[in-house]
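Enquirer: For reference, the structure I am asking about is given below.
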Amino acid sequence: MSAERRTSGTPAAPPALELRSVTREFLLGSELVKALDTVSLSIAQGEFTAIVGRSGSGKSTLLNLAAGIDVADSGQVFVAGRELSRLDDDALTIQRRERIGMVYQFFHLLPTLTVRENVALPLLLGRGDERKALARATKLLEEVGLSHRATARPHTLSGGEMQRAAVARALVHAPALVLADEPTGNLDSRAAAQIVELLASLGARHGATVVMVTHSREAAQVAQRIVEMSDGRVIADTAATPA
Amino acid sequence: MVLFRWLMLRRLTREPGRTLLTVLGVALGVAVFVAIRLASGSALAGFSDTVDAVAGRANLQVQSRSDGFDERLYPRIRQMPGVLAAAPVVQVSALARAGGASRAAVAAAAAADGADGAAGGGYHETLLILGLDPLVEAPFVRLDRDDARAASDPGAVKGAMQLLAQPRTIAITRTLANRMRLGAGDTLSVLASGLPVPLAVVQVLEAQDLQQAMGGSIAVVDLATAQEVFQKAGRLDRVDLRVDPKRRDSVRAALQAMLPGDVAVDLPQGRTKQVENMVRAFSLNLTALSFIAVFVATFLVFNTLAMAVVRQRRDIGVLRALGLTRSQVARLWLGEALAIGVAGSALGLLLGWVLAQGALGAVGRTLHDLYLIEHTDHLRLDAATLMGGAAIGILASLVSALLPALEAAHTPPGATLRQGALIEAQPLPIARLGFTGIGALALAALLAWWTTSTRQALGGFACAFFVLAGFSLLAPFATLAAERVTRPLARAMGIEVTLGARALRETVARASTVVAALMVAVGMLVALTVMVGSFRRTVDTWITQSLRGDIYIEPAGHRASAGATALPPELIAAATKLPGVAAVDTYRGTPIRYEDALAFVVGVDFTVQRDRGHLAFLDGADGAAVLSRAIRDGGVIVTESFAHRHRVKPGDQIELPAAIGPTKVRVEGVFYDYSTDAGAVLMDARTFARLWKDDRVESLALYLRPGASVDSVRSAFLALCGPERLMNATPNKALRQRVLTVFDQTFQITWALQGIAVMVAVLGVISTLTALVLQRGREIGVLRGSGATRGQIRRMVLAESGLLGLTGAALGCVAGLVLSLVLVQVINKQFFGWTVRFTLDPWIFLQATALMIVTSLLAGLAPANLAATKVAAQAMRAE
């Protein structure tokens, strides 16, 4: 399968995420391992992209670079046209806070907060008004079908419910880019399917670009585009076949 | 603020046990500081109130630099231009009791006392007696200052005071009258040189200032009565002046020029300042000691926050990934420390106030024993102390939070995204910390050298701080070393003990903070024990060598009345002729101001001292030769603390403010003495009589012939005194015991402070072990799943706590040894000028180690139980 470059969205708008010849290496013991090897990739605004590949293929590293959590050894990473290497830690943090939503495999809801407070958290990190933040969180919880668990503590939720809350948290501040790292990796197949559908539908409704790293071929099929990685390289980039 | 409320405050309230432990640690630190400051401040404020109350409206005072001055100076002072009013004063402290002085009354009181009839007699009240001239008192309004009648009609006061013009009458405060159940017309007896003197109460004073000063134990008599009763005929202690405020400085200068050198013109507050200076070293040392608990508490706060950062690293990572900046993270953690500091300080102020009630008694007793400052039972809340205590609590919390806050702020957001990433912080740079610790110890050595060579007393505290800091930095190394050294023993004790010991190695960053806290507590315990033990042994040896008399005799109340005491010459003459008495030494002393500091001049019989005493001189000089020279040339010998404070050495000339005028005398020797840190100048009784125009004797020491019975001679002497005169005749052994009892009482508060510091360190053990146990939930679950019994889990945690205690104690013993050298050779020497012979009792190391291991094991019981039951069950369910 040959790599096929695709673009969509408004032609004038910069890509939601763009990597230009990005290399990232890690030292594992005494061996230098290339997690990403001169990867170039462009994801248009509004696109739902799945990045698939085996463990160690570099897909999570790619996500971390996009989030500004990790820094490339060489090459450039752009988010909505801004080159991340030019930003300091605070600017990267603010970028994450304002333009990026994150969904993790292990949900990472804070145990001391209620479900609604967890969802409202990104708004408050930007010093938002508590009342408005909670109101917005309530609305998002309705959208993910969790309004009845708003005041519950995370440990009382099922895995699927926790991940739905995490999706609501990722979207509460209307980010342009949602990065989901194995969001179905810790769920049963039914819950996994629901979460991927939710990401796709909510992403579309909120106009967000969604980049999802996953092992699951089924989950990837929901995406508009599938990028396959192996040994730190993009080996395939295709439109998903509708299920 | 919302984030702080959601993320930090909520966690604090959801972990009430750990929060309470930390808050309590800070509170105890603050409480100790506040209690000590309030207690010593109240004792001094009580003294200051007394000075103000007895000074009335005087705005200048003429007073002797030593023991009173000739009353013939008074008319000259009064006539000085600019002096609006002048009042002569004789001021004496004396023991008193209600009722007359009949033999029956004394016997009844003594019986009620259950005391030695000679010394008891029911004289429990120490009165400050002012001898005043009623005719000139009105402008000073010191007796009825708050009485509206007095303000509108000074003549009324004058009228009331006239009553005092009757011989042997006294006016007492309302407070005293109520306490002693006395009223006008009743009789009050005071002790003058051991003789009860009945005085008729003619007036009860209502002035508010007098009720509060010295707990109201103030009385007024006519000037002539005071001079007669207390053998101060022709002498005045003070002349109080009211001068035109605008001309005060010029009048002061003119008076000073006109008066002899041994008389000074001061502001009334000058005496307070002088006393504050006198007790400065004592207060400062007590305050420094109170900081130990604060110091230990900072470790506790540090560990609590650092552990919380470790436990929440994943959550911090999530927050960082969601958009929380580094500075926001740091601020959140500093905010938590602030909350702990504020809560701890608030609780600490309350606790401090409660502790101060207890400390007031101990501090007051010590100030009375060492510096003759009267007790006060009234605790004053001083705003500066309270604010200082709160500031210390908050600042200590914030300082201890700095590192955890920075660590939290530098948590990479990727910590949560990269699976399998290490949750623990970076490994501890043990070697770098160790070298820094050695550097701090080297700096401490340098500071010790600098302090002793430049005599900058405060350098001693800096030195002690760097010793503690240096050993704290060595704690991680010590923790690893302890684990390695005890490994074979742990192996022999079973797998659970091995696992417990190994857990310490794995969590060395946290464990070593507890070890450091324990080290500080044990170090101070060892250091204080060695210092006090060395000091006690030195004093014991000194008493044994110096107190060679067989019976020491003083009139009852001598300690209160001091210089206003005189034994009849015929009694002294008769004592020398008693069968069995070989020699009689006499004692007369007076306080002086030397180079603006308090010191004492003492006259004793150098001939007796030379032949029978055994004064030890610093340079090892032959005492007999030194004293012979002093007798021949009219020279003096000075105490070590006097020599140290005033930089005096044998052969120097010093100028004393003698009654005959400033007189230069030669210092013949410097001798060891531990009776007062103010310092004393000793001279032959004949020289004293010449310089101070005073040959009276306050107390005696009887030297017996070989074979003579102490009891028989004592009884014979008391018989000589007659039944009226109340005398204390104390055998040598009992006196030595009494000195050591006072010594032990002086250090009681030290042990209380030390106990609290140990308590804070133990809180640290409980808090840290609990956190470590919770952090290792998964490991404990796996162990239980693999077949470990609850007992084994408990033993694992207890092995951990025991090893923590052992390591802290071992490091603390070494630190304590170094600290004790700093205390003995640097701090004590620079502050008090005493040479303390360093003596080491190895038992203290064993005792401290055993104490710490047992305490740590006890502290580990609750976390061990938690691990064996709740944590294990939860972890197994989770897996």
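Enquirer: What angle do you read, to the nearest 10 degrees and between 0 and 90, between the alpha-carbon axis of helix A:159-171 and the longest principal axis of chain A?
Expert: The answer is roughly 80 degrees.
Enquirer: I've got another one for you. What list of ³J(HN,Hα) values in whole Hz, one per residue of region A:219-232 in order, does the Karplus curve 6.51 cos²θ - 1.76 cosθ + 1.60 (θ = phi - 60°) give from phi, with Gly and Pro shown as x?
Expert: Here the 3J(HN,Hα) series is 4, 5, 5, 6, 5, 7, 9, 10, 10, 9, 10, 8, 6, x Hz.
Enquirer: Report, in degrees rounded to the nearest 10, the 0 to 90 angle that the Cα long axis of helix A:130-143 makes with the longest principal axis of chain A.
Expert: 80
Enquirer: Could you tell me the largest-minus-smallest coordinate of the C-alpha atoms of region B:628-773 on each of the three principal axes, in descending order and whole angstroms?
Expert: Extents along the principal axes, in whole Å: 77, 45, 31.
Enquirer: Which residues' amide hydrogens lie under 5 Å from the amide hydrogen of A:ALA180, considering only partners 5 or more residues apart or on another chain, with H built in the peptide plane?
Expert: For A:ALA180, whose amide H was placed from the backbone, the distant partners under 5 Å are A:VAL103, A:VAL211, A:MET212, A:VAL213.
Enquirer: Estimate for me the total accessible surface buried between chains B and A (protein heavy atoms, probe 1.4 Å, no ligands or nucleic acids), in Å² to the nearest 100.
Expert: Chains B and A together bury approximately 2700 Å².
Enquirer: Under DSSP H, which helices of chain B have Cα atoms covering 24 Å or more of the helix axis and a Kyte-Doolittle average no less than 0.5?
Expert: Length and hydropathy pass: B:16-55, B:280-311, B:326-371, B:383-409, B:430-454, B:508-546, B:748-775, B:790-821, B:843-866.
Enquirer: Give, as a single signed number, the net charge of other residues whose beta carbon lies under 10 Å from the beta carbon of B:ALA864, with Lys and Arg counted +1 and Asp and Glu -1.
Expert: Once all neighbours under 10 Å are counted, the net charge is +2.
Enquirer: Further question on the same structure: What average number of partner chain Cβ atoms lie no more than 10 Å from the Cβ of the residues making up A:121-133?
Expert: Working: counts 9, 4, 2, 8, 9, 2, 4, 1, 1, 5, 1, 0, 1.
Shielding by partners across A:121-133 averages 4.
Enquirer: Give me Rg/Rg_expected for the protein assembly as shown, where Rg uses Cα atoms only and Rg_expected = 2.2 N^0.38 Å with N residues.
Expert: 1.27
Enquirer: What nm value, rounded to one decimal, do you get for the distance between B:ARG78 and B:LEU817 when each label is placed 7 Å out toward the C-beta?
Expert: Result for the modelled spin labels: 7.1 nm.
Enquirer: I'd like the carbon and sulfur percentage of the solvent accessible area for the protein assembly as shown, probe radius 1.4 Å, heavy atoms only, ligands and nucleic acids excluded.
Expert: Roughly 58 percent, rounded to a whole number.
Enquirer: So what's region B:43-95 giving for Cα Rg divided by 2.2 N^0.38 Å, two decimals?
Expert: So the Cα radius of gyration is 1.32 times the expected 2.2 N^0.38 Å.
Enquirer: Taking only DSSP H segments of four or more residues, each worth -39500 (n - 2.57), what value at 222 nm results for chain B once the sum is divided by all its residues, to the nearest 500 deg cm²/dmol?
Expert: The helix-only estimate for chain B comes to -19000 deg cm²/dmol at 222 nm.
Enquirer: DSSP loop (so not H, G, I, E, B), at most 14 other Cβ within 10 Å: list which trypsin sites (Lys or Arg not before Pro) in region A:60-140 pass both filters.
Expert: A:ARG127
Enquirer: Okay, next question. Measure off 7 Å from each Cα along the Cα-to-Cβ vector at B:LEU402 and B:ALA224, then give the distance between these two points in nanometres to one decimal.
Expert: It works out to 7.1 nm between the two label points.
Enquirer: For region B:446-604, what is the Kirkwood estimate of the hydrodynamic radius, computed as the reciprocal of the mean inverse distance between distinct Cα atoms, to one decimal in Å?
Expert: One decimal place: 22.2 Å for the Kirkwood radius.
Enquirer: Same structure, new question: Taking loop as defined by DSSP and a crowding limit of 11 other beta carbons within 10 Å, which chymotrypsin sites (Phe, Trp or Tyr not before Pro) in region B:598-666 fit?
Expert: Those that pass, being in a loop and sparsely packed, number zero.
Enquirer: Using Cα positions and a limit of under 20 Å, work out the lysines in reach of B:LYS232, with same-chain residues fewer than 8 apart set aside.
Expert: Once the sequence-local lysines are set aside, what remains near B:LYS232 is B:LYS693.
Enquirer: Based on the Kirkwood radius over alpha-carbon pairs, what value in µm²/s does the Stokes-Einstein equation return for the translational diffusion coefficient of region B:1-70 at 4 °C and 1.567 mPa s?
Expert: Numbers: Rh = 17.2 Å.
The diffusion coefficient I find is 75 µm²/s.
Enquirer: Pairing the Cα long axis of helix A:89-99 with the longest principal axis of chain A, what angle in degrees results, from 0 to 90 and rounded to the nearest 10?
Expert: Relative to chain A, helix A:89-99 is tipped by roughly 60 degrees.
Enquirer: Taking a probe of 1.4 Å, how large is the accessible area per residue of the protein assembly as shown, in Å²? Present the calculation step by step, with values, prior to reporting the outcome.
Expert: Details: 44810 Å² over 1122 residues.
Spelled out: the 1.4 Å probe surface of the protein assembly as shown, per residue, equals 40 Å².
Enquirer: Also, quick follow-up: Quick check: net charge around B:ARG790, other residues with Cβ under 12 Å of its Cβ, Lys/Arg +1 and Asp/Glu -1? List each step's numbers first, then the result.
Expert: Values: positive: B:ARG784, B:ARG794, B:ARG795, B:LYS870; negative: B:GLU496.
Neighbourhood net charge equals +3.
Enquirer: Please work out the FRET efficiency for the pair B:ARG537 and B:SER327, using the Cβ-Cβ distance as r and a Förster radius of 56 Å; give the result to the nearest 0.05.
Expert: 0.50
Enquirer: Mark the label point 7 Å from the Cα of B:ARG10 along Cα→Cβ and return the residues of region A:162-191 whose backbone N is within less than 19 Å of it.
Expert: Only A:162-173 pass the distance filter.
Enquirer: If you plug each phi of region B:665-673 into the Karplus form 6.51 cos²θ - 1.76 cosθ + 1.60 with θ = phi - 60°, what whole-Hz ³J(HN,Hα) values come out, in order, with x for Gly and Pro?
Expert: 10, 9, 7, 8, x, 10, 10, 5, 7
Enquirer: To continue, here is another question. Quote the Stokes-Einstein diffusion coefficient, in whole µm² s⁻¹, for region B:214-284, based on the Kirkwood radius over alpha carbon pairs, a temperature of 25 °C and a viscosity of 0.890 mPa s.
Expert: 160
Enquirer: Shifting gears a bit: Take the alpha carbon atoms of region B:25-40, find their center, do the same for region B:757-822, and report the distance between the two centers in whole angstrom.
Expert: 28
Enquirer: Take the eigenvalues of the Cα gyration tensor for region B:306-378, scale each by 5, and report the square roots as semi-axes in whole Å, largest first. Don't skip to the end; give the middle numbers.
Expert: Details: eigenvalues 474, 21, 19 Å².
Ellipsoid half-lengths, sorted descending, are 49, 10, 10 Å.
Enquirer: Working only with C-alpha atoms, what are the Rg and Dmax values of chain B, expressed in angstrom?
Expert: My reading of the Cα-based Rg and Dmax gives 32.7, 100 Å.
Enquirer: To continue, here is another question. Relative to 2.2 N^0.38 Å, what does the C-alpha radius of gyration of chain A come to as a ratio? Two decimals please.
Expert: 0.98
Enquirer: Another question, then. For labels at A:ALA236 and B:SER675 in the simple 7 Å Cα→Cβ model, what's the distance in nm?
Expert: 10.4
Enquirer: Can you give me the Rg/Rh ratio for region B:557-725, using Cα atoms for both radii and the Kirkwood formula for Rh?
Expert: Taking Rh as the inverse mean 1/r over Cα pairs, Rg/Rh reads 0.99.
The values are calculated or read from the model by the stated rules, or taken from the named source; none is laboratory data. These figures come from a predicted structure and were not determined experimentally. Every residue, glycine as well, gets a Cβ built from its backbone with ideal geometry; the counts of neighbours run over all protein chains shown. We work out accessible area using only protein heavy atoms, side chains counted, and drop any ligands, DNA or RNA first. Shrake-Rupley method; radii C 1.70, N 1.55, O 1.52, S 1.80 Å.
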